[in-house]
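Reviewing the structure listed below.
The values are calculated or read from the model by the stated rules, or taken from the named source; none is laboratory data. The model shown is predicted, which means the values in this text are computed figures rather than measured ones. Note: ideal-geometry Cβ built from the backbone for every residue, glycine included; neighbour counts use all protein chains shown.
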Protein chains: 2
Amino acid sequence: MEKQAPIAVIAGGGDLPGIVVRSAMEQGRDVVTIAIKGEADASLSVFEPIELGWGQFGKLYATLRARGVRDVVFIGAVQKRPDFTSIWVDFGTLWRLPRIISALFSGDDHLLVKLAGLFEREGLNVVGAHDVAPGLVASPGHVAGPKPDAKALIAMKLAIEAVDAVGRLDIGQGAVAVGKRVVAVEGAEGTDAMLERVAGLRANGRVRSRGASGVLVKCSKPQQDLRLDMPTIGPQTIHKAAEAQLKGVCVEAGRVLVAHRDEVERLCNELGVFLYGCSRGEDFETGDQ
Amino acid sequence: MEKQAPIAVIAGGGDLPGIVVRSAMEQGRDVVTIAIKGEADASLSVFEPIELGWGQFGKLYATLRARGVRDVVFIGAVQKRPDFTSIWVDFGTLWRLPRIISALFSGDDHLLVKLAGLFEREGLNVVGAHDVAPGLVASPGHVAGPKPDAKALIAMKLAIEAVDAVGRLDIGQGAVAVGKRVVAVEGAEGTDAMLERVAGLRANGRVRSRGASGVLVKCSKPQQDLRLDMPTIGPQTIHKAAEAQLKGVCVEAGRVLVAHRDEVERLCNELGVFLYGCSRGEDFETGDQ
């Protein structure tokens with residue numbers, strides 16, 4: 001059997017890149033790890049990554065070519081837009097600069113989609129983290145923690161509806177419902193910040209604390225390119241959901257990554273927060289309406 | 001000409017109740033001001049309000065009857081749900097308690113709608129603040145500050161679309177778009193907290209600070225009972241919009257209250273933040289799409 005070409009994992013922030021690298025290695029793939037300077041986590045150093053800054057597209061492409069890489073995975077958070085006014089660019093970047101600038105600065109969103117386009121122009125194939133690490137994807141149905149009760153299913157249904165509406169408008173991927181009311185919708189702040197907000201709303205009495213079931217729902221946007229930007233939860237999500245006094249976390253099965261799955265499930269059981277994999281349009285038979 | 005019956009203004013928090021009381025008086029109405037204990041602002045004291053707690057429905061109804069009140073306005077923020085476990089209830093409240101409890105605690109939202117129902121059962125007529133203070137309602141078109149440019153109109157259009165979607169789901173009334181991206185959607189936290197969030201997103205680099213126009217949009221929900229709960233902006237909104245580096249504030253004309261209108265317009269001009277009154281489905285001719 002011919003050995004597969006090595007895969008490049010281009011790593012932004014957080015610990016997900018490390019999980020993906022390890023998972024790909026476990027599948028028997030050779031992995032070239034590229035750490036984006038100023039974004040990638042220090043924990044990635046065990047994989048001896050090649051560290052490259054935003055100005056080093058030229059060196060990056062040359063490296064990938066030299067190593068025989070055909071498939072590229074982008075994974076991890078990219079918090080900041082590259083600031084080309086304050087960095088040196090290498091020669092390979094320089095001659096591609098008009099294209100790079102037009103890709104990264106023309107509009108104001110979809111940085112990753114444009115970045116992927118740049119890589120495809122170089123003959124590289126952009127694949128999803130779930131392609132090289134299929135075990136990371138959320139499973140359908142009840143996964144861990146207590147079983148969701150009827151009240152939780154009602155909240156879940158409302159939050160799914162909200163996520164669906166804001167997802168279609170390309171705004172966000174998450175929402176929290178408590179009882180029969182959606183109390184928070186995720187925008188650019190991200191899921192953790194939204195959960196902290198809900199904890200604050202509990203504390204200041206704007207969302208009542210007792211009697212009503214609260215659920216976080218996180219789904220992909222319908223038009224989302226899952227190769228580039230798959231919604232993710234991890235142990236932190238379960239901790240913050242518990243701090244916001246939520247009963248559970250519901251993710252779209254097959255379209256959300258669960259990082260540190262064992263730890264997530266252990267926390268769900270320990271903190272009494274359920275994890276549920278839903279699908280769009282799933283009928284929960286809540287007995288409501 | 002027969003004198004109109006006095007109107008009761010039942011005042012929650014903030015300075016809007018005082019503005020409504022003054023405005024109703026300027027229209028020649030006799031006003032009975034009722035301050036909700038623990039909610040109403042100290043500044044209301046100039047109107048010598050009758051202070052009543054959540055346990056005093058009996059006394060409240062008796063007072064309104066004795067004063068010949070027929071119309072009641074609810075105005076101001078009610079931050080906390082009444083906690084009947086820790087207050088004494090008067091006799092009139094006591095015999096109405098089953099009804100009050102069922103109204104206030106059956107579901108978990110629409111406290112005001114249920115409260116209004118309780119008043120209507122007593123033969124009182126619940127009217128809107130805009131009925132007694134029509135000058136408080138937002139005007140259509142460009143009102144103050146710089147004229148919105150094409151970029152601002154694009155952001156405005158996107159944020160209106162977002163507010164429309166979350167409004168239909170009864171989630172919230174506000175959204176902020178920066179450039180071609182909706183970055184924040186209002187849930188239970190309220191507009192000020194959402195604007196603070198956007199200022200934070202600017203500061204931490206998740207929403208870029210230069211080059212893109214940002215706009216706050218605030219509209220009523222389509223199904224909203226404007227007598228009970230009309231969205232409101234005031235000087236604080238303009239200050240916080242400026243702190244979030246927004247170019248303007250857009251409110252639904254006729255369906256949003258502008259408190260301290262003169263001060264709001266002065267601030268718009270001083271801080272360079274436009275105020276615009278839109279209508280749903282308005283065509284902005286942004287030249288986009």
One residue is enough: does the stretch A:45-66 have a residue meeting the conditions assigned by TED's automatic domain parsing to the domain that holds residue A:22, farther than 20 Å from residue A:117 by Cα, over 25 Å from the mean Cα position of the chain (by Cα) and modelled with pLDDT of 90 or more?
yes
Got at least one residue in the stretch A:54-71 being farther than 23 Å from residue A:99 by Cα, surrounded by 17 or more Cβ atoms within 10 Å (Cβ to Cβ) and among the aromatic types (Phe, Trp, Tyr)?
no
Of those in the stretch A:90-116 that are surrounded by fewer than 14 Cβ atoms within 10 Å (Cβ to Cβ) and either of a type in the set (Gly, Ala, Ser) or not assigned by TED's automatic domain parsing to the domain that holds residue A:53 (or both), the residue modelled with the lowest pLDDT is A:106
Can you tell me which residue within the stretch B:166-191, out of those that are more than 21 Å from residue B:213 (Cβ to Cβ) and of a type in the set (Asp, Glu), is modelled with the lowest pLDDT?
B:170
On the given criteria, is residue A:262 out of contact with any Pro (no Cβ under 6 Å at 6 or more places or on another chain), more than 20 Å from residue B:186 (Cα to Cα) and at pLDDT below 85?
no
Wholly inside the stretch B:144-254, helices (runs of 4 or more DSSP H) that include 1 or more residues that are free of Cβ contacts under 8 Å to residues at least 40 places away in the same chain, under 26 Å from residue A:182 (Cα atoms) and within 13 Å of chain A (Cβ to nearest Cβ) are B:150-168, B:191-203
Listed residues B:252, B:282; which is under 15 Å from residue B:219 (Cβ atoms) and modelled with pLDDT under 95?
B:282
Subset of the stretch A:1-46, residues hydroxyl-bearing (Ser, Thr, Tyr), in a helix (DSSP H, G or I) and closer than 16 Å to residue A:133 by Cβ, comes to A:23
Answer with yes or no whether residue A:232 is under 26 Å from residue B:207 (Cα atoms) and in contact with a Ser or Thr (Cβ under 7 Å, 6 or more places away or on another chain).
no
